[in-house]
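One structure is given below, encoded as structure tokens.
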Amino acid sequence: MANQARKRRSPDGRMSLGEHLIEFRKRLLISAAAIVIALIAGWFLSTWVWEMLRKPINDLEMQGRDAIISYGDISSGFDTKVQIALFIAVLIASPVWLYQVWAFLAPGLTRREKLTGVGFIGAAVPLFLGGAYAGWLVLPNIVRLMASFQPEEDAFYLTARNYLDFAIKLLLAVGVGFVLPVLLVMLNFIGVLRGAAIIRSWRVAILVIILFAAIATPAADLMSMFLLAAPIIVLYFAAAGVALLHDRRVDKRRSAELAEYDLDDDTGREAERGDADRTKGRR
């Protein structure tokens, strides 16, 4: 099969549109097969995961509130179990389908781009999982906050489908929030955003992070808000530091290249002058 793949390619290693589509179908089928296999494990784990997700509702019931999760129709229980199993399967099979995406894109990248992409994926996956775990930690606080807006004598009934959608969206939102610093670094590496711009926006970034943490946690629970906001703030400044170091290396390399032709690199100087002018204007 390897020899056939080499024969299909042109002498310079390029593939036609049809060959790209065949390659895409192959990667897609492998990813789908991995998810289907992982779905079996997800089916057996779904009961335990559902018990963990519905624990905040059980805690409200233990506190004397009339709180319960209801199923609106006959198939709701089965649909809920399948949805949880599919969510687990996508997480379990993530190394396989991420590799398939990478294998499809890698032939068109340079060696440096490949190394950079591997670094971004290697950092984004654990950060996303850590963010999802942080979302699971604050989930009970959010449920208690939402329940506090209702009179205690009123029943707190939730449909299983709506509650599961809310929990999954929360885990995904917090997970993506933890990955955003990696996105800032990626934008810096491709030349869209400089590290100085990230540092200049630190006040706005901290305000947005604190507001997000305050919305996700009850106002009286300052510890939960701090535990959610602190890691994101640290990751933001870590991303700014990486971006500044990268900009310094890029500026030095550009200056060395221009020096060979007796040219001056005014780009960095103009950026520094603009930053200084903006700082004076604020003062």
**OP:** Return yes or no: is Phe120 aromatic (Phe, Trp, Tyr), in contact (Cβ under 8 Å) with a residue 40 or more places away in the chain and open to solvent by less than 50 Å² (accessible area, probe 1.4 Å)?
**Re:** yes
Original post:
Do you know which residues across the stretch 80-90 are open to solvent by less than 70 Å² (accessible area, probe 1.4 Å) and touching a residue at least 40 places away in the same chain (Cβ under 8 Å)?
Top reply: Thr80, Gln83, Ile84, Ala85, Phe87, Ile88, Ala89, Val90
Original post:
When both residues are 6+ apart or on different chains and their Cβ atoms are under 9 Å apart, which pairs have a first residue that lies in the stretch 234-254 and is closer than 14 Å to Phe178 by Cα, and a second that is open to solvent by 50 Å² or more (accessible area, probe 1.4 Å)?
Top reply: Leu235/Leu180; Tyr236/Leu180; Tyr236/Trp202; Phe237/Ile199; Phe237/Trp202; Ala239/Leu180; Ala239/Leu183
Original post:
Would the stretch 211-218 turn up any residue that is closer than 30 Å to Leu139 by Cβ, outside any helix (DSSP H, G or I), open to solvent by less than 70 Å² (accessible area, probe 1.4 Å) and at pLDDT 85 or above?
Top reply: no
**OP:** Might you let me know whether the stretch 158-166 holds any residue that is part of a helix (DSSP H, G or I), free of Cβ contacts under 8 Å to residues at least 60 places away in the same chain and farther than 19 Å from Asp66 by Cα?
**Re:** yes
**OP:** Report, by residue number, each residue of the stretch 53-79 that is open to solvent by 60 Å² or more (accessible area, probe 1.4 Å), assigned to a helix (DSSP H, G or I) and in contact with a strand residue (DSSP E or B) (Cβ under 6 Å, 6 or more places away or on another chain).
**Re:** Glu61
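The values are calculated or read from the model by the stated rules, or taken from the named source; none is laboratory data. Keep in mind the model is a prediction, meaning the values are calculated, not measured. Here the Cβ is made from the backbone with ideal geometry for all residues, glycine too, and neighbour counts use every protein chain on show. The protein model used for the area step is the full one, side chains on, heavy atoms only, and it has no ligands, DNA or RNA in it. Shrake-Rupley method; radii C 1.70, N 1.55, O 1.52, S 1.80 Å.
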